[in-house]
Amino acid sequence: PIDKIVTGSKNVGIKIYKDMIIFAQMDSDKVTVLKNENAGKGLPKFKIFKEFKVGEMPFDAMIKDNTYIVGFFLTKAFGVIDLDKMEFSEIKVTAKDNKPVLKVPHFGFWSLSEEKTFIPAVGDNAVMVYDNKFNFIKNIEMQGLPVFTALSPDKKYLAVTFSGKDFPTIQIVDTKTLKIIQTFKFNGKVLHVRWSNIDDYLYVSVNDANQVNVINTEEWFLEREIFQIKAPSGIFIYQLDDEQK
């Protein structure tokens with residue numbers, strides 16, 4: 001190691017932006033920005049450049065362009081830091097009638113496009129929509145309690161999975177009109193969905209039915225059922241080159 005930085009806290013959400021390292025201190029409720037004093041010349045020498053007091057118990061973070069986004073376990077909000085201006089703002093996460101959601105979902109369940117951010121409202125039948133400046137747009141009323149959202153490669157559609165009695169269901173949202181355009185129900189719990197980057201397909205793992213279903217996303221119908229896959233969960237798509245086939 002070329003350096004060691006002691007924080008006295010569990011550190012999460014470590015990201016890099018330009019000549020800076022940004023991370024959240026879970027036990028100290030703050031975000032720290034370290035800057036390389038050597039500006040890329042020789043070995044880096046990181047010093048504290050800025051610290052922000054944030055929500056209670058930050059647990060994860062992601063970065064989009066110049067924006068660092070941090071979530072909290074115990075605060076019903078998420079934090080946004082403009083890394084160019086070094087400005088922090090707290091975005092309240094509310095469900096229907098401005099009631100707070102049960103918690104801010106893990107970032108793996110969010111979906112971000114260039115224009116919008118989609119967040120499942122934990123504990124409410126809705127997906128929350130924000131613009132690229134994190135101004136609230138609306139709540140999309142869904143059939144059940146949303147768990148996971150996934151954007152299509154062209155960002156035109158959003159697939160949403162659910163928990164509880166709606167575990168077997170997925171719904172498709174048009175990201176321009178913010179309206180539900182399709183609902184599919186399967187013979188078991190849907191644990192994951194994956195859009196294909198090369199074909200007009202959406203793959204759906206139906207865990208207790210031991211199958212993966214394939215939805216045609218050009219005409220929106222169930223095109224294929226792949227059976228005898230024991231308790232499928234996550235789906236990953238790997239494309240072979242022609243020489244490997």
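Condition first: under 25 Å from the mean Cα position of the chain (by Cα) and either touching a residue at least 24 places away in the same chain (Cβ under 8 Å) or on the phi > 0 side of the Ramachandran plot (or both). Can you find one or more residues in region 37-52 that meet it? Steps first, answer last, please.
Residues of region 37-52 that are under 25 Å from the mean Cα position of the chain (by Cα), as a first pass: 51-52.
Now narrow it down to the ones that are either touching a residue at least 24 places away in the same chain (Cβ under 8 Å) or on the phi > 0 side of the Ramachandran plot (or both): 52.
Looking through region 37-52, at least one residue is under 25 Å from the mean Cα position of the chain (by Cα) and either touching a residue at least 24 places away in the same chain (Cβ under 8 Å) or on the phi > 0 side of the Ramachandran plot (or both).
So Ile81 ticks every box in (1) touching a residue at least 60 places away in the same chain (Cβ under 8 Å); (2) within 21 Å of Phe118 (Cβ to Cβ); (3) β-branched (Val, Ile, Thr) but one. Which box is left unticked?
(1)
In region 189-210, which residues are part of a strand (DSSP E or B) and over 19 Å from Asp166 (Cβ atoms)? Explain how you work it out, then say what you get.
Of the residues in region 189-210, the ones part of a strand (DSSP E or B) are 190-195, 201-206.
Answer for region 189-210, where residues must be part of a strand (DSSP E or B) and over 19 Å from Asp166 (Cβ atoms): Arg194, Trp195, Tyr201, Tyr203.
Checking Ser163 against (1) under 16 Å from Gln143 (Cβ atoms); (2) modelled with pLDDT of 95 or more, only one condition comes out false. Which one?
(2)
Give region 138-160 a look and list any residue that's surrounded by fewer than 18 Cβ atoms within 10 Å (Cβ to Cβ) and in a loop (DSSP other than H, G, I, E, B), or say none.
As a first pass, look at region 138-160 and keep what is surrounded by fewer than 18 Cβ atoms within 10 Å (Cβ to Cβ): 138, 141, 143-144, 153-156.
Correct list: Gln143, Gly144, Pro153, Asp154, Lys155, Lys156.
Would you check which residues across region 27-56 are buried (at least 18 other Cβ atoms within 10 Å of the Cβ) and either of a type in the set (Ser, Thr, Tyr) or in a loop (DSSP other than H, G, I, E, B) (or both) and list them?
Ser28, Asp29, Thr32, Val54, Gly55
Of all the residues that make up region 147-190, how many are in contact with a strand residue (DSSP E or B) (Cβ under 6 Å, 6 or more places away or on another chain), small (Gly, Ala, Ser) and free of Cβ contacts under 8 Å to residues at least 60 places away in the same chain?
4
Quick one: Glu90 ticks every box in (1) at pLDDT 80 or above; (2) part of a loop (DSSP other than H, G, I, E, B) except a single one, so which number is it?
(2)
Considering only region 136-154, I want to know if a residue exists there that is at pLDDT below 90 and of a type in the set (Asp, Glu).
Within region 136-154, none of the residues are at pLDDT below 90 and of a type in the set (Asp, Glu).
Please find, among Asp60, Asp3, Asp65, Asp19, the residue that is acidic (Asp, Glu), without any contact (Cβ under 8 Å) to a residue 60 or more places away in the chain and farther than 29 Å from Trp110 by Cα.
Numbers: Asp60 fails: farther than 29 Å from Trp110 by Cα; Asp65 fails: farther than 29 Å from Trp110 by Cα; Asp19 fails: farther than 29 Å from Trp110 by Cα.
Answer to the selection: Asp3.
Name the single residue that is surrounded by the most Cβ atoms within 10 Å (Cβ to Cβ) among those in region 68-79 being under 16 Å from Thr32 (Cβ atoms) and of a type in the set (A, V, I, L, M). Outline the logic, then answer.
Going residue by residue through region 68-79, those that are under 16 Å from Thr32 (Cβ atoms) are 68-70, 72, 79.
After this cut, where a residue has to be of a type in the set (A, V, I, L, M) as well, the list is 69-70.
Working: Ile69: 21, Val70: 30.
Of everything passing the filter in region 68-79, Val70 is surrounded by the most Cβ atoms within 10 Å (Cβ to Cβ).
Filter region 195-245 down to residues that are within 21 Å of Phe109 (Cα to Cα), at pLDDT 95 or above and aromatic (Phe, Trp, Tyr), then give me how many there are.
3
Taking the condition of being buried (at least 16 other Cβ atoms within 10 Å of the Cβ) and in a strand (DSSP E or B), how many residues in region 168-181 meet it?
Step one: of region 168-181, the residues buried (at least 16 other Cβ atoms within 10 Å of the Cβ) are 168-173, 175, 178, 180.
Pick out the ones that are also in a strand (DSSP E or B) and you get 169-173, 180.
Counting residues in region 168-181 that are buried (at least 16 other Cβ atoms within 10 Å of the Cβ) and in a strand (DSSP E or B) gives 6.
The values are calculated or read from the model by the stated rules, or taken from the named source; none is laboratory data. Everything numeric here is computed off the predicted structure, so don't read it as measured data. Positions of Cβ are backbone-derived with ideal geometry, glycine not excepted, and every protein chain shown enters the neighbour counts.
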